[in-house]
């Protein structure tokens, strides 16, 4: 058995990529992609992990969290809730 060393973000991304669903069209990935707003809080971790697998799990840039949520909901409804999009955002509280 070989040990694989991963960051938490790399492990989460691999877990997401391993999720599959069987449909009439065969076995499909459960997550079709990720909507993201990459600020200081997640660019170094999750952003790097997603960039490493951009060909298998595409990442799309969003402008605000509400837009990502609406797009992800619309995608899931369009796919009859058999596939979905993940969303990630990093927000800093400015005072």
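Can you pull out every residue in the range 57-95 that is touching a residue at least 24 places away in the same chain (Cβ under 8 Å), part of a loop (DSSP other than H, G, I, E, B) and more than 11 Å from the chain's Cα centre (by Cα)?
Hits for the range 57-95 are 62, 63, 64, 79, 82, 83, 90, 91, 92.
If a residue has to be more than 23 Å from residue 70 (Cβ to Cβ), modelled with pLDDT of 95 or more and surrounded by 12 or more Cβ atoms within 10 Å (Cβ to Cβ) to count, how many in the range 15-48 make the cut?
Selection size over the range 15-48: 2.
Do you know which residues across the range 53-74 are in contact with a helix residue (DSSP H, G or I) (Cβ under 7 Å, 6 or more places away or on another chain) and farther than 14 Å from residue 90 by Cα?
Residues satisfying the conditions are 53, 56, 57, 59.
Do we find that residue 6 is touching a helix residue (DSSP H, G or I) at 6+ places or on another chain (Cβ under 9 Å) and either outside any loop (DSSP other than H, G, I, E, B) or within 20 Å of residue 79 (Cα to Cα) (or both) in this structure?
The answer is no for residue 6.
I need the full set of residues from the range 29-56 which are within 16 Å of residue 83 (Cβ to Cβ), in contact with a strand residue (DSSP E or B) (Cβ under 6 Å, 6 or more places away or on another chain) and not in a strand (DSSP E or B), in order please.
Within the range 29-56, just 30 meets the criteria.
With the requirement that a residue be exposed (fewer than 11 other Cβ atoms within 10 Å of the Cβ) and closer than 18 Å to residue 29 by Cβ, what does the range 57-76 give you?
Passing the criteria: none in range.
The values are calculated or read from the model by the stated rules, or taken from the named source; none is laboratory data. What you see is a predicted model; the values in this text were computed from it and never measured. Quick reminder, even Gly has a Cβ in these numbers, built from the backbone with ideal geometry, and neighbours come from all protein chains shown.
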